[in-house]
There are 2 protein chains.
Amino acid sequence: MSVSSDHRRSVVLRRRPHGAPAVHDFEVIEGPIPEPGPGEVVTHTLWLSIDPYMRGRLSEAKSYAKPVEIGEPMTGETVGRVIASHDPHLKPGDIVIGARGWQTHIVSPAAALTKLPVGEAPLSTYLGVLGMPGVTAYSGMTDIGQPKAGETVVISAASGAVGSVAGQLAERAGARVVGIAGGPEKCLFAQEVLCFDDCVDHRCADLPAALRAACPNGIDVYFENVGGAVQRAVFPLLNDFGRMIMCGMVSEYNDTQPQPGPNLMSVVRKRLRIQGLIVGDKPERFAEWRALATPWVRDGTLHYREDIVDGLESAPEALVGLLSGRNFGKLVVRVTPETT
Amino acid sequence: MSVSSDHRRSVVLRRRPHGAPAVHDFEVIEGPIPEPGPGEVVTHTLWLSIDPYMRGRLSEAKSYAKPVEIGEPMTGETVGRVIASHDPHLKPGDIVIGARGWQTHIVSPAAALTKLPVGEAPLSTYLGVLGMPGVTAYSGMTDIGQPKAGETVVISAASGAVGSVAGQLAERAGARVVGIAGGPEKCLFAQEVLCFDDCVDHRCADLPAALRAACPNGIDVYFENVGGAVQRAVFPLLNDFGRMIMCGMVSEYNDTQPQPGPNLMSVVRKRLRIQGLIVGDKPERFAEWRALATPWVRDGTLHYREDIVDGLESAPEALVGLLSGRNFGKLVVRVTPETT
């Protein structure tokens, strides 16, 4: 990159994608490094999280959060270092989470920021296993899934940021955990590293049959991250009183027409519970999860994998890849090396 | 009827219907009045309940209860008078609920029977507002719907046995209650007698528009009894954190191919909860509801309507009519007049 570091770079939305987004739906613009206003803080971005929900922000369709406007910086969670502060509790050098945007430098109200401990866990993990995706998995399993010993729990996008934590929480509850992932490498990871009991490759010739074989006692809990053909394979296998944690349906995010869903008669017959989850609805869960899971990350009993790409300019391509399943593990952009 | 009352008459399943059942899928057979075995009781049937779930019992498809076999008496809940007893707690003349079958005389294990109080409420109400349909509405609203003051609650099959109670419970919680029913007479009943705030006729020219107009603030709770076009009209209007109590989908029970359901992406986006309910899962609720609601029936604050047909032989036609929405209120068969 030839751009100088005394400018701010921002990735802004150039136009709304129809269907799959492309790299040239975004552009990089440059400007001066901003100054903080009263009660504001400026951070230098170290890590930027790339997550499936971002597809929703590119559309004008009504959702739980407002869309990114054309010409505005794309939204995203970051870990950054404070470089200027008009808040008494935050000083230059502090590491914080909460500044949002695909930008090298971000102005935030101090109240939006949470100071992170240094040295307890790698800083990037606060965007992944210890951050929003981890909390999503934790909330889904705690509030909706509630897996019990001996139950069968199926996790889609099993090697991903949310799925890998969700499955390990189900393991801790004594459940039999079956992952679904794309390709042999991800399946191997789910079985060998995450210690799932089984993992089914959704690209196999007959997914419904493979899943049925992997779940001889049916499915009690399904953590839904992908939708589409995977959802259609899972749904008929749900047991009486089965729970579907509806976290995302990434395989359908680029659809321009919604696919039909399952007939809901079996929801009555089997007393299923299908419930949606947005992590931001219970903000208190973030601190709760960090306190619970940090020791597990430190002692190595909670496994995770990161897919790190370098440079803010790589963010659009990273998101495009994420939406087609090309990433492997929690996708983060190293915007600035921590040692600078 | 020319059959003598010293014989037992039974309505048995002659063949399994494909699609809508017909009267000649059943036949009436006659036999001797049975004697009770050890621990058994014989009842003379006074009232027989006809309910939508019975369609499921005619099919071999896997469900939460086993199907009725060809040649077997059709199943159904009854209120009857004990005529012979080999149980110390039940004596001839006692009125009981719990004997099952489309029969004039039924042999039951005493443990299956619950003695009913005489004079507290009309005996037929123990099959309707105070019985299984009432408990269904109560459980659905208590465990899943949980309507709050000011919320909008939509009830399909609003004038029916379950819907009429569900809506009145939502009224008691302070919600705005909108019914959906078939035809002006049922809608008038829902508004004038049940005191629902509004009622939409699902046979109107544009159901989605009519429902939207009746629910200017969207829908927070939907009590699902009918499925099909009604479900398709309701689903897009659900608000964030909306609850769908999945009790039944009677408009689809005769379908030979399942209709597609809603795409579940909005379950994530709106954090919906879609949950199925079978009343038998919590048997303790029956006594709880009877204790709670009997005073309301006695003081006239819990309204209900019965659709009474006479004679066991009328049961098949009554069921056929129920499945196409021809009944108006809780459908019961007066098998034997109480004064006999």
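Here, each number is a calculation from the coordinates, and none is a lab measurement. Every value quoted in this text rests on a predicted model; they were computed, and no experiment measured them. Positions of Cβ are generated from backbone atoms using ideal geometry, with glycine treated the same way; all protein chains shown enter the neighbour counts.
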Exercise. In sequence order, what are the phi-derived ³J(HN,Hα) couplings for segment B:138-154 according to the Karplus relation 6.51 cos²θ - 1.76 cosθ + 1.60 with θ = phi - 60°, rounded to whole Hz, with x for glycine and proline?
Worked result: 5, 5, x, 6, 6, 8, 10, x, 6, x, 10, 3, x, 6, 9, 10, 10
For this session: Read phi for every residue in segment B:157-171 and hand back ³J(HN,Hα) as whole Hz from Karplus 6.51 cos²θ - 1.76 cosθ + 1.60, θ = phi - 60°, with x for Gly and Pro.
Result: 6, 5, 8, x, 4, 7, x, 5, 6, 4, x, 5, 5, 5, 4
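If contacts are Cα pairs under 8 angstrom and at least 6 residues apart, what is the relative contact order of segment B:243-337 in percent?
Details: 74 pairs, mean separation 25.5, N = 95.
Over segment B:243-337, the number comes to 27 percent.
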Exercise. Could you state the number of Å between the C-alpha centres of segment B:169-215 and segment B:298-314?
Worked result: 21 Å
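So, counting K/R as plus one and D/E as minus one, what does the shell of residues with Cβ under 11 Å around residue B:180 add up to? Show your work: numbers first, answer last.
Numbers: positive: B:186, B:203; negative: B:198, B:201, B:224.
Combined, the nearby Lys, Arg, Asp and Glu give -1.
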For this session: Enumerate cysteines in the protein assembly as shown without a disulfide-compatible partner, where compatibility requires another Cys Cβ under 4.7 angstrom.
Result: A:195, A:204, A:215, A:247, B:195, B:204, B:215, B:247
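Can you classify segment B:181-260 as rounded, prolate or oblate using the Cα gyration tensor, where a ≥ b ≥ c are the square roots of its eigenvalues, rounded means a/c under 1.5, and otherwise it's prolate if a/b beats b/c and oblate if not?
Details: a/c = 1.62, a/b = 1.19, b/c = 1.36.
Since a/c reaches 1.5 but b/c is at least a/b, the shape of segment B:181-260 is classed as oblate.
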Exercise. Counting partner chain Cβ atoms within 10 Å of every residue's Cβ in A:273-282, what's the average?
Worked result: 5
For this session: Lys and Arg at +1, Asp and Glu at -1: add these up for the other residues within a Cβ distance under 14 Å of residue B:229 and post the number.
Result: -3
Seminar exercise, completed: Shortest first and in nm, the label-point separations between residue B:185 and its counterparts in the other identical copies (7 Å out along Cα→Cβ) come to 6.9
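Net charge around residue A:112, counting only other residues with Cβ within less than 15 Å of its Cβ (Lys, Arg = +1; Asp, Glu = -1)? Could you put the intermediate results ahead of the total?
Working: positive: A:100, A:115; negative: A:40, A:77, A:87, A:94.
Net charge in that neighbourhood comes out at -2.
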Exercise. Between copies, how far does the label point of residue A:280 sit from its twins, in nm, shortest first, when each point is 7 Å from Cα along Cα→Cβ?
Worked result: 4.6
Problem set entry | Cα-Cα P(r), the protein assembly as shown, percent of pairs per 10 Å interval | 3, 14, 21, 20, 17, 12, 7, 4, 2, 0, 0
For this session: Name the most mobile residue of B:77, B:60, B:69, meaning the one with the largest mean-square fluctuation, in a Gaussian network model of chain B with Cα contacts below 10 Å.
Result: B:60
For this session: Averaging sequence separations of C-alpha pairs under 8 Å and six or more residues apart, then dividing by the length of segment A:132-280, give the relative contact order as a whole percent.
Result: 23 percent
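Hey, any idea what the orientation-averaged projected area of the convex hull of segment A:1-136's Cα atoms comes to, in nm²?
The directionally averaged projection comes out at 9.2 nm².
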Seminar exercise, completed: Among B:43, B:20, B:98, the residue whose Cα sits farthest towards the positive end of the charge dipole of segment B:1-113 (+1 at Cβ of Lys and Arg, -1 at Cβ of Asp and Glu, taken about the Cα centre) is B:20
Exercise. What are the nm distances, shortest first, from residue A:100 to its equivalents in the other copies, labels at 7 Å along Cα→Cβ?
Worked result: 5.3
Exercise. How large is ³J(HN,Hα), in whole Hz, for each residue of segment B:67-80 in order, when computed from phi with the Karplus curve 6.51 cos²θ - 1.76 cosθ + 1.60 and θ = phi - 60°, using x for Gly and Pro?
Worked result: x, 6, 7, 4, x, 8, x, 4, 8, x, 7, 9, 10, x
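Ignoring everything except DSSP H segments at least 4 long, calculate the 222 nm mean residue ellipticity for the protein assembly as shown; use -39,500 (n - 2.57) per segment, divide by total residues, nearest 500. All intermediate terms of the calculation are to be shown ahead of the outcome.
Values: 18 runs with 153 residues, N = 680.
Helix contribution divided over all residues of the protein assembly as shown: -6000 deg cm²/dmol.
Quantify how strongly other chains surround peptide B:241-247 by giving the mean number of their Cβ atoms within 10 Å of each of its Cβ atoms. Numbers along the way, then the final one.
Working: counts 3, 1, 1, 3, 1, 11, 1.
Other-chain Cβ atoms within 10 Å of each residue's Cβ, averaged: 3.
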Problem set entry | Partner chain coverage, peptide A:257-263 - average Cβ within 10 angstrom | 6
For this session: Could you quickly flag the chain A residue whose beta carbon comes closest to the rotation axis taking A to B, and that distance in whole angstrom?
Result: A:260, 2
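Could you tell me the relative contact order of chain A? Use alpha-carbon pairs under 8 Å, at least six residues apart, and round to a whole percent.
It rounds to 18 percent for chain A.
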Seminar exercise, completed: Ranked output for segments B:280-286, A:190-196, A:20-26 by mean other Cβ atoms within 10 Å, highest leading, reads A:190-196, A:20-26, B:280-286
Seminar exercise, completed: dims of segment A:206-303, Cα set, principal axes, largest to smallest, nearest Å -> 42, 35, 27
Problem set entry | 5 angstrom amide H check on residue A:261, placed H, neighbours 5+ away | B:261, B:263
Exercise. Taking amide H positions as placed 1.01 Å from N in the peptide plane, with prolines and chain starts having none, which residues 5 or more places from residue B:183, or on another chain, fall under 5 Å of its amide H?
Worked result: B:202, B:203
Exercise. Using the Kirkwood formula over every pair of different C-alpha atoms, what hydrodynamic radius in Å results for segment A:132-280?
Worked result: 14.9 Å
Problem set entry | Amide hydrogen neighbours beyond the local backbone of residue B:8, cut-off 5 Å, H modeled | B:31, B:33
